[in-house]
Amino acid sequence: MAENDKQTEAKIFEAATEVFIEKGMDGTRMQHIADRAGINKSLLHYYYRTKDRLFEAVFEKIADQLFKRFAPVLDEKLSLEDKIRFFYREHIEFLKKNPRLPAFVLNEINRNPERVRKLIRNIDIEKMWSTLENQHKDELRRYNIDRGKIPQLMTSIASLSVFPFAARGIFEAIFEKMDISFNDYLEERKEYVAEFVIRAIRST
């Protein structure tokens, strides 16, 4: 692909990502994306024939970025507790920079669950669990965590960082009355929820 083509495609992809996150799949028109990218709609269709195809590329790219960002969770040099701390530092910071992402992802999961199933099928969950099990066998035994408890633990860990962003409007209104900065709250939350989860698994 020529350098000019690569730059145009990158511009389209960046514009599409912004518009899809702002408006969702149903609220987005190809004209919106073309306008944001500063190109005409016929050129947009040259690169991406349909809105569905472009949306799928954006959604898969976002998922890929998330998984790559948290790859160090499988680093054998970190303890299980350090991995929990790492997750919350990185996840909350990522969502601070992309505050509309949780609502976007949750909406699209409900709108088209098959797309999410397709993405999940590409992830080797068994390999991830086996890696963690081999790295933290003693810790998992000490915390009484086995395969059967992983779904509960995973959803609890994720929801503690995602929910404040999914319900941001409510929290900001409450915190305003309490004279609390939402950004300060998020910074404190990185450490607070990590220690909360660690205390919880230590007490099982």
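Each reported figure results from applying straightforward, stated rules to the coordinates on display, with no laboratory input. As the structure is a computational prediction, the values presented were derived from the model and not from experiment. Because the Cβ atoms are built from the backbone with ideal geometry, glycine has one as well, and the counts that use them run over all protein chains shown.
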Nearest 20 debye, what's the magnitude of the dipole of the range 1-58 about its Cα centre given +1 on Lys and Arg Cβ and -1 on Asp and Glu Cβ? 200
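Return the FRET efficiency for the residue pair F182, Y46: r is the Cβ-Cβ distance, R0 is 41 Å, and the value is rounded to the nearest 0.05.
Numbers: r = 42 Å, r/R0 = 1.03.
Once rounded, the FRET efficiency stands at 0.45.
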For the chain, what is the mean residue ellipticity at 222 nm derived from helices alone (per DSSP H run of n ≥ 4: -39500 (n - 2.57); sum divided by total residues; nearest 500 deg cm²/dmol)? -25500 deg cm²/dmol
Rounded to whole Å, sorted largest first: equivalent-ellipsoid semi-axes of the range 77-154, Cα gyration tensor: 27, 18, 11
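What FRET efficiency do you get for D26 and K6 if R0 is 30 Å and r is their Cβ-Cβ distance, rounded to the nearest 0.05? It would help to have the intermediate numbers written out before the result.
On the way: r = 30 Å, r/R0 = 0.99.
Computed FRET efficiency for D26 and K6: 0.50.
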Result row for the chain, helices from DSSP H with C-alpha axial extent 18 Å or more and mean Kyte hydropathy at least 0.5, is 150-166
